[in-house]
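Worksheet for the structure shown next.
Bear in mind these aren't lab numbers, they're just calculated from the coordinates by the rules spelled out. None of these values were measured; they are calculated from a predicted model. Positions of Cβ are generated from backbone atoms using ideal geometry, with glycine treated the same way; all protein chains shown enter the neighbour counts.
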Number of protein chains: 2
Amino acid sequence: MSAAGSYPADVLERFAAALLEAVGAPPGNAALTAEALVDADIEGLASHGLMQLPNYLERIERGSVDPAAEGEIVVDKGARLTLDAGNGLGQVTAERACDIAIARAAEHGVAIVAVRNAFHFGAAGRFARKIALAGKIGIVMANTRPMLPAPGGAEAVVGNNPLAIAVPTGGEPIVLDLAMSAGALGKIRLAMNKGESIPEGWAQTGEGVPTRDAAEAIKGVLLPAAGAKGFGLALMVDLLAGGLSAGGVGSDVQPLYGDSSRPYGSANLVMAIEIEGLRPVADYETVAAGFADRIRHSKPAPGAAPIRVPGDRAAEARKRFDGNCALAAETLQALRKQARRLGVAIPDALGD
Amino acid sequence: MSAAGSYPADVLERFAAALLEAVGAPPGNAALTAEALVDADIEGLASHGLMQLPNYLERIERGSVDPAAEGEIVVDKGARLTLDAGNGLGQVTAERACDIAIARAAEHGVAIVAVRNAFHFGAAGRFARKIALAGKIGIVMANTRPMLPAPGGAEAVVGNNPLAIAVPTGGEPIVLDLAMSAGALGKIRLAMNKGESIPEGWAQTGEGVPTRDAAEAIKGVLLPAAGAKGFGLALMVDLLAGGLSAGGVGSDVQPLYGDSSRPYGSANLVMAIEIEGLRPVADYETVAAGFADRIRHSKPAPGAAPIRVPGDRAAEARKRFDGNCALAAETLQALRKQARRLGVAIPDALGD
């Protein structure tokens, strides 16, 4: 990765939206997706940010993502619904699933939206946080193509299946967002490019032999976080999201960077739990905020970084945000290339 | 631990129930608790089995557990309820929470029972499995006294907070049951007794220094599984179970083996999700069973044990069960001692 530059977020957002519109996305869907991507970059989650956009554009052009789809409710049981995402942009259909879950939780006390035929939605935490900002507890998960073996296995059988849980505090929600592998694929790629080794327990070769060689790891399989625990949670995300939505599980889900003409076929589960009624939401928020503060101020280990609770790092990034967003040079270059190809004007602020 | 003996499970169950009745438990609550404890021993989960009974008896006698309590519904919002367990036997009040969740999920599609003032309920998986055997998805969690520090912390701030998820397959459910520490406290105690060291990443001294010394670990703190991931999940169990029930979170929960006159003060969350309606439950079960089989038959790593999915080990133990149950000599000795103290007859099959 060459050095990152810093660019006005609003310019990046309009530029990303223009690129999406150039391949046929309606303005509303383009704007929402662009905002979600730039938001991930602002939060420091580059892997869910604008670096995804070229793949999205290619998939729209190849027909595996339908930029006009907003998801169709195909089952409605009040507190439980199935949304067929119709291979729409994931940021659009997951946002819709959240809106439905929030409204139905207000009505029924708890609501589940199972989503099938979904494309990549970016960071699960974004959607859980949205539900928490509405004063409810949000739980969001998605399945990916198989990336992790079972304990004792040599072959990837379950996805890296992100799970996010967010609770309201009155201020910034507590937002947990975890994938089920011990180490992130992005960090392994980075180690490979730098010729560095990876920590023990992160990967196996395709033959099932543990490896600390990043290149071997890329050809092999990631290992689940905490062995049977991460594996078991990944399996349950598959069986909750894919299972309840009657969508894909396991190898039904396609690689994100695979055949771009083939639908991704992921499934999501979005749950909202109303707090009010069980207890006043303000009481809940006081307890959650107080508990988080108690943890932040707990006794530190010698020489350790400040103690954080889940979501603090993203919240700090949002707090530091001054209108400019860091972007890797490669990412901007790739976007400029797409713009030239699609005849989209490159804003002056983004150079040429 | 001296060698375990093997004893008729029905005799053990009646004996355990008689001990509970001797300290005032009504016959129904005594029988249910005894059955749950022996069932854990049959499944090979000795830490949730009869070895817990002496502590239960002492707590009943000291007044911190009310053996007659069955839990009182204090909030009823249809799909969401709060059960005040009234410090009843955990196996009794969690069973009741499951029954309510199953019935309400059938009515509302999804149901949540938040439980406060709860005592130890044994294995969370037992209750999630019960819900799955009723054809629904079961999610069960509980908080414990703080046992794990935050990443970078030296002080325990969140519990080891078990989380269980079970899904129906038509046959034996898939049952995931995990606690949030990297290693089990029981295994660390065992290592201490044997003078063995423990794996890296399991524990820290009270000063926040990593240790592989089992005795230091017992005096220090356990570490969360997969660092921030296990910690974050533990925090969320506290905020879901303790938070939604308006019960205890963090250090509100007391040590299981602490002051036996002080209520344990745990909280549970029991959720049941109806599958039927979203899709035929038989279809769901076919997908879940097929996916589990696909995983069991996936390519093995060289020299590894057979590949299992969560719940397989307990299911195998139940299959092997021939009416006799293995029990550590210390556990039986402790029960005999209680029997002599309470004037309960020791069955011939259990020696004297």
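Computed quantities for the displayed model
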| item | result |
| --- | --- |
| Among A:S245, B:A69, B:A234 - extreme Cα towards positive end, dipole of the protein assembly as shown, charges at beta-carbon | B:A234 |
| Peptide B:109-122, shielding by other chains (average Cβ, 10 Å cutoff) | 2 |
| Relative contact order, percent, the range B:164-248 [alpha-carbon distance under 8 Å, six or more residues apart] | 24 percent |
| Spherically averaged projected area in nm², based on the convex hull that wraps the Cα atoms of the protein assembly as shown | 29.1 nm² |
| Trypsin sites (Lys or Arg not before Pro) lying in DSSP loop within the range A:156-263, provided at most 16 other Cβ fall within 10 Å | A:R212 |
| Prolate/oblate/rounded call for the range B:173-323, Cα gyration tensor, a/c under 1.5 rounded | oblate |
| Among A:A111, A:A4, A:L223 the positive-end extreme of the charge dipole of chain A (Cβ point charges) | A:L223 |
| Value of [θ]222 nm, deg cm²/dmol, for chain A, DSSP H segments ≥ 4, -39500 (n - 2.57) each, nearest 500 | -12000 deg cm²/dmol |
| Unit charges on C-beta of K, R, D, E only; dipole of the range B:1-113, Debye | 260 debye |
| DSSP loop chymotrypsin sites (Phe, Trp or Tyr not before Pro) with at most 15 other Cβ within 10 Å: longest gap in chain A | A:1-256 |
| DSSP bridge orientation in the range B:18-141 - percent antiparallel, rounded to nearest 5 | 45 percent |
| Computed magnitude of the charge dipole of the protein assembly as shown (debye, nearest 20; Cβ of K, R +1, Cβ of D, E -1) | 860 debye |
| Antiparallel DSSP beta bridges within the protein assembly as shown, as percent of all bridges there, nearest 5 | 90 percent |
| Unit charges at the beta carbon, dipole of the range A:119-222: most positive-side option, A:L163, A:I139, A:A150 | A:I139 |
| Value of relative contact order over chain A, rounded to a whole percent, pairs C-alpha under 8 Å and six or more apart | 23 percent |
| Total charge dipole magnitude, chain B, about the Cα centre, Cβ charges on Lys, Arg, Asp, Glu only, Debye to nearest 20 | 540 debye |
| Filtered GluC sites (Glu not before Pro), the range A:18-77: DSSP coil and at most 13 other beta carbons within 10 Å | none |
| Percentage relative contact order, the range A:250-352, counting C-alpha pairs under 8 Å, at least six apart | 10 percent |
